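The values are calculated or read from the model by the stated rules, or taken from the named source; none is laboratory data. Please read all numbers here as calculations on a predicted model, not as lab measurements. Please note: Cβ atoms are built from the backbone with ideal geometry, for glycine as well, and neighbour counts cover all protein chains shown.
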Amino acid sequence: MRRRHPLRGATAGWWPELLLALMLASVLTLTGCASPPRQLGEAPWTTGRMSLRVQALGEQPERSFSAPFELRGDSRQGELNIQSPLGTRLAAARWAPGSARLSTPQGEQDYTSLDELSRQALGEALPLTALPDWLAGRPWPQATHQVGHSGFEQLGWSIDLSRQAEGWIVARRDAPPAVLLRVKLDAAEAGGARS
């Protein structure tokens with residue numbers, strides 16, 4: 001029996017927003033990991049625009065989307081909102097130790113972690129633990145990497161930092177299905193991403 005993914009079928013239009021939300025949910029340590037944890041209500045919002053393209057593979061057609069986002073917190077606790085161009089919330093992810101919740105117009109779903117949410121909702125493993133370091137412009141210290149002329153390669157992904165000063169971070173995975181994630185941080189956040 002084929003397992004029904006929460007964001008496929010009737011909700012197929014929502015899965016790209018969730019994929020991006022999940023990838024950025026772990027990206028919330030843009031100002032560094034050494035600071036003590038803050039209460040979520042005290043955490044500043046990071047805003048910008050993200051775009052995602054997943055290459056066609058087998059029967060799956062190419063999928064892509066672009067949307068504004070706002071996020072706050074860190075890799076342990078936080079929230080991420082994906083919005084429509086008109087400012088309507090399309091999806092929201094909230095997480096804390098041992099739990100993650102995805103809310104869409106179709107309802108809410110609880111998971112034990114962001115990794116589980118990613119695997120169950122999308123059927124694809126994503127390098128969520130490495131993303132905070134990548135968006136801060138540095139390799140994740142828990143895995144080997146290779147330095148390139150415009151960034152570095154790690155965990156099968158190429159991270160392009162050539163336009164980091166302008167707020168752009170680009171992550172690309174060439175293994176099928178190829179994935180391209182582009183994040184454009186708003187001006188204030190772009191300065192914070194350079195650490």
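Here are some notes:
Yes or no, residue by residue, for (1) at pLDDT 85 or above; (2) within 26 Å of P141 (Cβ to Cβ):
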position: R2; (1), (2): no, no
position: E62; (1), (2): yes, no
position: P68; (1), (2): yes, no
position: G78; (1), (2): no, yes
position: A91; (1), (2): no, no
position: E116; (1), (2): no, yes
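- Residues within the range 71-92 that are under 13 Å from the mean Cα position of the chain (by Cα) and either among the aliphatic types (A, V, I, L, M) or surrounded by fewer than 17 Cβ atoms within 10 Å (Cβ to Cβ) (or both), tallied: 5
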